[in-house]
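The values are calculated or read from the model by the stated rules, or taken from the named source; none is laboratory data. Every value quoted in this text rests on a predicted model; they were computed, and no experiment measured them. We place every Cβ from the backbone using ideal geometry, glycine too, and count neighbours over all the protein chains shown. Accessible surface areas use protein heavy atoms only, side chains included; no ligands, DNA or RNA. Shrake-Rupley method; radii C 1.70, N 1.55, O 1.52, S 1.80 Å.
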Amino acid sequence: MIDFTSLLFQETNKMFKSTRKGFMILLCCTVILVFSVLLNFRQRLDFQVLSVKNHLALASGNIAYVAIDPQITEIMTAINATIPQKDTMHFKETTSALNSTAIILNYKPKYCVGDTLIVQVEMFNHLLKRKTYGGDFLLARIFSQKLGAGTSGRIKDFNNGTYNIYFTLFWEGEVHISILLMHPSEGVALLWKGRNMGYNYIGYTGLFIHNNQEVHTECGFYLNSQQEECEYTDRKYREVFQCIKLPEIPCEALISLKSWHKDYTYLSNANKTLLSLSNIGIEIPKRVGSIDVLKCAKTPMTVTSKCQIGTSLPFPSGYFLNNQWFPSHCNLSSFEPLVNINNCLAGKMIYLMGDSTIRQWIEFFSKVLKNLKFFDTHRPGWHKTHMAYDLQNNIYIQWKKHGHPFVAPNFYNVRDHAYISNELDRLAGGSNTIVVIGVGQHFRPFPLPLFIKRLLSIRSAIENLLLRSPDTKVIIKSENTREFEQDVERFSNFHGYIQYLLLKNIFSGLNVGIIDAWDMTTAFDSRNPHPPEPVVKSQINLFLSYVC
């Protein structure tokens with residue numbers, strides 16, 4: 001065995017016989033070098049231990065505690081405590097929307113704008129027996145179709161089969177009530193259990209190019225394979241993605257990915273009945289069809305404070321009237337912020353990061369910023385990076401997809417995408433820099449710890465960005481609702497609702513602006529992963545009110 005200490009001192013004596021200074025310089029350099037090697041080794045070891053523990057947890061089926069981070073474990077435990085453990089009951093013992101009832105607790109012939117309407121829901125099963133526990137997933141709204149008006153209801157679960165729903169009456173006119181049973185509590189339990197069992201809902205195919213040859217291989221977060229794997233890791237935020245290693249093909253040759261839905265389910269045929277289309281989004285009968293709301297002098301609804309970043313949002317956070325969103329906590333002013341969009345965004349660099357619901361923004365910007373021109377990046381597909389310039393007003397807008405997981409049936413380039421945390425770390429920031437982040441839809445088919453971990457990483461990166469550049473403006477857009485019938489086990493709105501609550505909780509206390517897209521799309525009754533233009537326009541109106 002070589003004695004590295006003796007060898008080091010021999011070389012030192014040869015080079016610095018006559019100078020103690022030289023010896024000290026070499027000694028300091030050596031200490032620094034050794035420390036760096038040890039630190040790197042420790043980081044690699046920690047990362048390998050994390051990966052091994054993840055694999056062990058997955059093998060045991062206990063995905064809920066796959067993360068070593070105690071914060072993730074704590075969050076998962078808290079959510080799990082709210083999920084009903086009723087997934088093995090007979091279908092007739094589960095909640096029936098049509099057998100349940102909704103009544104107005106504080107009924108009166110006329111209401112005033114600003115009043116609170118309270119609706120009580122009593123749940124019964126298919127045997128006409130009253131439910132004795134809660135956990136049903138409801139969507140509640142009031143609306144006036146003729147007025148283009150709508151707002152969400154705040155739901156209180158008494159955990160005994162009874163729910164109170166509180167509606168703020170924001171506008172004058174005839175108001176209708178809608179309460180949908182999205183999933184019975186037993187279906188909620190099934191969805192929660194299935195989602196957190198593993199990564200088998202979505203598969204990935206990787207495209208490698210080597211010596212002008214295209215080859216494909218399987219990729220994913222955790223591959224159940226005995227073959228050698230390429231591991232693509234982010235050491236700072238401890239993100240892992242893998243591909244099966246192909247013979248003589250370097251791991252660096254990965255160019256593109258596409259996803260596909262695996263023919264896999266965690267549910268039995270009997271359990272699937274609960275998630276059938278005939279049992280999703282069913283209206284609960286009401287004894288009153290509509291109510292009349294008057295404009296009374298006693299309850300003025302005018303909000304004078306400006307919309308400001310860093311303000312926590314109430315729920316509901318606003319309402320639609322004439323298909324335009326009005327926040328309940330701040331004033332958009334007497335005119336649409338879009339009127340002044342050129343002056344507002346002049347000299348600004350806007351970075352849109354996330355999924356295609358954020359990509360809708362750059363498409364809308366191109367309609368209202370007449371001088372905005374797209375730069376051809378020479379990449380195919382909607383998921384390519386979009387860059388647009390308005391040279392007259394010195395505006396730069398970029399949309400970039402978020403990192404894994406990205407669900408798309410066509411190949412998309414992975415060499416030009418990164419995790420949002422990394423993108424934030426690269427930004428210098430400043431008063432002319434605006435960041436908008438929107439994630440959620442692509443995470444629904446994956447275990448929830450993955451989403452929690454990603455939000456915590458993004459929060460950490462935002463904190464660092466605001467430390468080095470506190471005048472940077474950061475906007476978070478929450479997840480929105482989508483169609484009810486699309487692959488319910490993977491993409492149910494229940495998954496989105498849990499993620500929506502998590503996002504609001506994890507980003508609370510930060511000096512960021514929140515755009516409550518879940519509240520907006522529930523109020524609008526949007527059933528599309530890409531909301532219609534009035535919703536997108538309202539989101540951008542609120543965005544402009546934050547940054548102008």
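Couple of notes before you dig in:
- Percent of beta bridges antiparallel (DSSP, segment 253-408, rounded to nearest 5): 65 percent
- Annotation: per residue accessible area for segment 444-548 equals 27 Å², rounded to a whole number [probe 1.4 Å, protein chains only].
- Long-range HN-HN contacts of Val512 with modeled amide H, under 5 Å: Gly310
- Virtual spin-label span in nm between Leu277 and Val215, 7 Å along Cα→Cβ: 4.3 nm
- Taking the DSSP beta bridges with both ends in segment 361-478, the antiparallel portion is around 65 percent.
- Surface exposure of segment 260-382, expressed per residue as accessible area with a 1.4 Å probe, stands at 55 Å².
- Across the cross-link table entries Lys348/Lys373; Lys156/Lys286; Lys367/Lys504; Lys193/Lys477; Lys258/Lys384, which are compared at the Cα atoms, the separations over 20 Å belong to Lys367/Lys504; Lys193/Lys477.
- FRET efficiency, Asp263 to Arg468 (Cβ-Cβ, R0 56 Å, nearest 0.05): 0.70
- Residue-wise HN-Hα couplings along segment 172-187, as the Karplus relation 6.51 cos²θ - 1.76 cosθ + 1.60 with θ = phi - 60° gives them from phi, are 8, x, 7, 10, 9, 10, 10, 10, 9, 8, 6, 9, x, 4, 5, x Hz; Gly and Pro carry x.
- Averaging the Cα positions of each part gives two centres, and for segment 302-357 and segment 384-453 these lie 21 Å apart.
- 222 nm mean residue ellipticity, helices alone, for the chain (DSSP H n ≥ 4; -39,500 (n - 2.57); rounded to 500): -9500 deg cm²/dmol
- GluC sites (Glu not before Pro) within segment 404-491: DSSP coil, no more than 16 neighbouring Cβ in 10 Å: Glu483, Glu485
- Percent RCO, i.e. relative contact order, over segment 395-548, from Cα pairs under 8 Å lying at least 6 residues apart: 23 percent
- Listed peptides 222-232, 96-106, 135-145 appear in the order 135-145, 96-106, 222-232 once ranked by packing, highest mean of other Cβ atoms within 10 Å at the front.
- Long-range amide H partners of Lys306 with built H, under 5 Å: Asn331
- About its Cα centre, the dipole of segment 460-522 is roughly 300 debye, where the only charges are +1 on Lys and Arg Cβ and -1 on Asp and Glu Cβ.
- What a 1.4 Å probe finds exposed on the chain is 54% carbon and sulfur by accessible area, rounded to a whole percent.
- Antiparallel beta bridges, as assigned by DSSP with both residues in the chain, represent about 75 percent of the total such bridges.
- Rounded to 10°, Cα long-axis angle of helix 356-368 versus longest principal axis of the chain: 80 degrees
- Low-density loop cleavage sites - trypsin sites (Lys or Arg not before Pro) in segment 329-401, where at most 13 other Cβ are within 10 Å (DSSP): Lys370
- Taking every protein chain into account, the accessible area of segment 77-190 amounts to 42 square angstrom per residue (probe 1.4 Å).
- Positive-end residue of Ser526, Thr168, Ile104, charge dipole of the chain with Cβ unit charges: Thr168
- Here the chain is treated with +1 on each Lys and Arg Cβ and -1 on each Asp and Glu Cβ, and its dipole about the Cα centre works out to around 920 debye.
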